[in-house]
1. Name the residue that is farthest from residue 16 (Cα to Cα), counting only residues in the range 59-86 that are in contact with a Phe, Trp or Tyr (Cβ under 6 Å, 6 or more places away or on another chain) and of a type in the set (A, V, I, L, M).
2. I need every pair where a residue in the range 256-284 that is more than 20 Å from residue 199 (Cβ to Cβ) and away from ligand 2 (no atom under 16 Å from the Cβ) has its Cβ under 6 Å from the Cβ of a residue that is of a type in the set (D, E, K, R) and part of a helix (DSSP H, G or I), sequence separation at least 6 or different chains.
3. Just the residues that are modelled with pLDDT under 95 and either outside any helix (DSSP H, G or I) or in contact with a Cys (Cβ under 7 Å, 6 or more places away or on another chain) (or both), please, taken from the range 65-102.
4. If you check 134, 171, which single one turns out to be within 16 Å of ligand 1 (Cβ to nearest atom) and either of a type outside the set (Asp, Glu) or out of contact with any strand residue (DSSP E or B) (no Cβ under 8 Å at 6 or more places or on another chain) (or both)?
5. Might you let me know whether the range 78-92 holds any residue that is under 25 Å from residue 188 (Cβ atoms) and of a type in the set (D, E, K, R)?
6. With the requirement that a residue be away from ligand 1 (no atom under 15 Å from the Cβ) and either on the phi > 0 side of the Ramachandran plot or of a type outside the set (A, V, I, L, M, F, W, C) (or both), what does the range 278-289 give you?
7. Do we have residue 177 as away from ligand 2 (no atom under 16 Å from the Cβ), at pLDDT below 95 and not hydrophobic (A, V, I, L, M, F, W, C) here?
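The values are calculated or read from the model by the stated rules, or taken from the named source; none is laboratory data. Quick caveat: nothing in here was measured; it's all calculated off a predicted structure. A quick note on method: Cβ atoms are made from the backbone with ideal geometry, for glycine too, and the neighbour counts reach across all protein chains shown.
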Amino acid sequence: MIDLTVPEIALMNRVLREAALLARAIQEESAAFNLTKDDRSPVTVADFTIQAVVAHRLREAFPGVVLVAEERAARLREPEQAKMLAVIATYVARVIPGATGAAVCDWIDEGMGEPGDRFWTLDPIDGTKGYRRGGQYATALALIENGTVRCGGLACPVMAEDCAADRTGGGILALATRGGGAWHTPLDRTDAGFLPLSVSACTGPARARLMRSYESGHTNVEELEAVAARLGIPPDHCVLMDSQAKYACMAAGKAELLFRLLSPSQPDYRECIWDQAAGSLIIEAAGGKVTDLHGRPLDFSQGRKLTNNLGVFASNGPLHDTGLAALEYILTT
Ligand code: AMP
Ligand code: MG
């Protein structure tokens, strides 16, 4: 059983539920402000609100903690963004009474910590495009020690209770520790108890289900389809989904394979640690396997990005070598 008395686990359990409530409230109340970042990706009121709240909660629980998170407050501090900042501060103040715009910016910027021997990493809204579209999204939080993910959690506010890949539902919280298994519980019921997550036992690639990004620009669609064809995976076994919610589905045995190939428009793209840390541990702790496209373990010791890795390949385990062989064939011929 997951040990909720461990302070790091207790923190994830509390703060990920709080993050999900805020994400939903902001979505329902359609706080429509958003900004476009330098990489042209969107950032919403929810991204900033959740990063501020999680950063504050972490600092409250563990003074001196290092946080490496996706967002920064520089644009929000500009006078033109005063209205957006005021809206964000209102949401933060719902859970941290008295929060001001200036404090919110400072809390967001606590996420600019230097990755070292021990730090937390946060993606406040992973799958921002899914969030805005009404699809899957997640808040992802993980603790990294000496380049290895120690514990991690994902709040998936619109995931079905059984983590089915083809339906939405009331949301789940998944928590994992290295060596301690992966667990999930309905997001809104604090009394429900945690059930184990366990990957699928499928060994036949032609029966495998493949998860892929909803955004075609986050992968190489042509190569991905060639790999799927080589494995004999029928097109109706492919599920499109945003965010690390995909990893929760795989950990629950609802899909077997996930390839993050390099987009032809961004061949030098390297994965950000907050996009992989929590989700990869949850799959591994549920019995699955996660490597890069060459079969190398993900190396979280290189700073904010996985600079020693190319792409990501996650599987239920039994299909890993078969998947790597198909990948190698497609990428080298
Ligand atoms: P997904 O929902 O699986 O498409 O993944 C969403 C994440 O993909 C976002 O959090 C981005 O950080 C990340 N991302 C952005 N651009 C790329 C890219 N070119 N290749 C892979 N991932 C990307
Ligand atoms: Mg993300």
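1. 84
2. 261/223
3. none
4. Only one candidate passes the filter, namely 134.
5. Looking through the range 78-92, none of the residues is under 25 Å from residue 188 (Cβ atoms) and of a type in the set (D, E, K, R).
6. Within the range 278-289, 284, 287, 288, 289 meet the criteria.
7. Taking the combined requirement at face value, the residue does not satisfy it.
One line per residue, one yes/no per condition, for (1) among the acidic types (Asp, Glu); (2) away from ligand 1 (no atom under 11 Å from the Cβ); (3) crowded, with 21+ Cβ neighbours inside 10 Å:
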residue: 232; (1), (2), (3): no, yes, no
residue: 242; (1), (2), (3): yes, no, yes
residue: 256; (1), (2), (3): yes, yes, yes
residue: 265; (1), (2), (3): no, no, no
residue: 276; (1), (2), (3): no, no, yes
residue: 295; (1), (2), (3): no, yes, no
residue: 319; (1), (2), (3): no, yes, yes
residue: 326; (1), (2), (3): no, yes, yes
